[in-house]
Amino acid sequence: MQYITGLHALQCPCSLGTPGDTHHTSVDWTYPTLADTSTAFYKDYGVETDKEVARLSGNRNVANHIRAALDLLAQGKVNDVCGLKREILANDQLTPELFNKVIELHTENVWNRVSWFIGCEYGIEWLDFLKLKNMDWPTNPNPSFEPVAPEDNSLHAFVQARITEFKRFQKISTLAGLFHSVLFRQPEINRIVKIELRAFLAKLHPEELWFLKEIDHYPSDKTLENDYLKLCDFHKIS
């Protein structure tokens, strides 16, 4: 059975009552993305039949929003479903169903990337779920977006790169690496490094840090909080 999926399906209303995708409004409907339940990873799960599609003539089979997202994840297209938790599904009651379907991908090559993405979207909920299932936590598929040049391994270059990375991607794991590494290399902290760090830390208030940890960013452990407080104390920031 053929059905519409992917970004096209995310723009169609479904029985879940979820918002779907509102970012890719310019997607071309001349050739909507089609898949076949006989060959698709999730078979006929979440495919709604005989639905009216506003942009097409005649009724069609269409993936609901969970299924459309799962099809994209199965292809490793995680960027197409950014905002899955808060914008596309926006319904915490659907989280258990989503998790139980996502974990079926654990035998596929895309698993670590998908698991990391779900961890970024759902935070500790996903890690608790993996722990319950005796599954390993994912590892960062992109450990450094702004690598320090090999010829400049100074602490100042490292600090600048990590701050730039955090401002761009807002990843809690970036802060954890920055805090821990700076404390580890504390003897190298000179006036220039101190100025850079002090300006950054002064703007990163504790409330913002905890908010980032709790909402939808990949969580860290208590070490992050301790390192943050140590750095603030070192720089005399209250």
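So the values come out like this:
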quantity	calculated
Which numbered condition Y31 misses (of (1) over 27 Å from the mean Cα position of the chain (by Cα); (2) free of Cβ contacts under 8 Å to residues at least 24 places away in the same chain; (3) more than 14 Å from L7 (Cβ to Cβ))	(3)
In the range 167-186, residue nearest to the chain's Cα centre (by Cα) [restricted to those that are farther than 18 Å from L229 by Cα and in a helix (DSSP H, G or I)]	F169
Number of positions in the range 39-95 that are charged (D, E, K, R) and touching a strand residue (DSSP E or B) at 6+ places or on another chain (Cβ under 9 Å)	8
Criterion violated by W29 - all others in (1) of a type in the set (A, V, I, L, M, F, W, C); (2) touching a Phe, Trp or Tyr at 6+ places or on another chain (Cβ under 9 Å); (3) at pLDDT below 95 satisfied	(2)
Subset of the range 42-101 that is basic (K, R) and out of contact with any Leu (no Cβ under 7 Å at 6 or more places or on another chain) - its residue that is surrounded by the most Cβ atoms within 10 Å (Cβ to Cβ)	R67
Residue satisfying all of: in the range 67-90; touching a His at 6+ places or on another chain (Cβ under 9 Å) and either among the polar types (S, T, N, Q) or not in a helix (DSSP H, G or I) (or both); farthest from T18 (Cα to Cα) among these	C82
Within the range 122-148, considering residues that are within 22 Å of L89 (Cβ to Cβ) and part of a loop (DSSP other than H, G, I, E, B), the one modelled with the highest pLDDT	K133
Criterion (surrounded by fewer than 20 Cβ atoms within 10 Å (Cβ to Cβ) and more than 30 Å from P138 (Cα to Cα)) met by exactly one of P13, P32	P13
Matching option when the condition is of a type in the set (A, V, I, L, M) and either buried (at least 19 other Cβ atoms within 10 Å of the Cβ) or modelled with pLDDT under 75 (or both), among I192, I215	I215
Residues of the range 91-121 that turn out to be part of a loop (DSSP other than H, G, I, E, B) and more than 26 Å from G20 (Cα to Cα), as a count	1
Hits in the range 1-34 (condition: closer than 17 Å to G83 by Cβ and among the charged types (D, E, K, R))	D21
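The values are calculated or read from the model by the stated rules, or taken from the named source; none is laboratory data. All of these numbers come straight from a predicted model, not from anything done at the bench. Cβ coordinates were reconstructed from backbone atoms using ideal geometry, including for glycine residues, and neighbour counts include every protein chain displayed.
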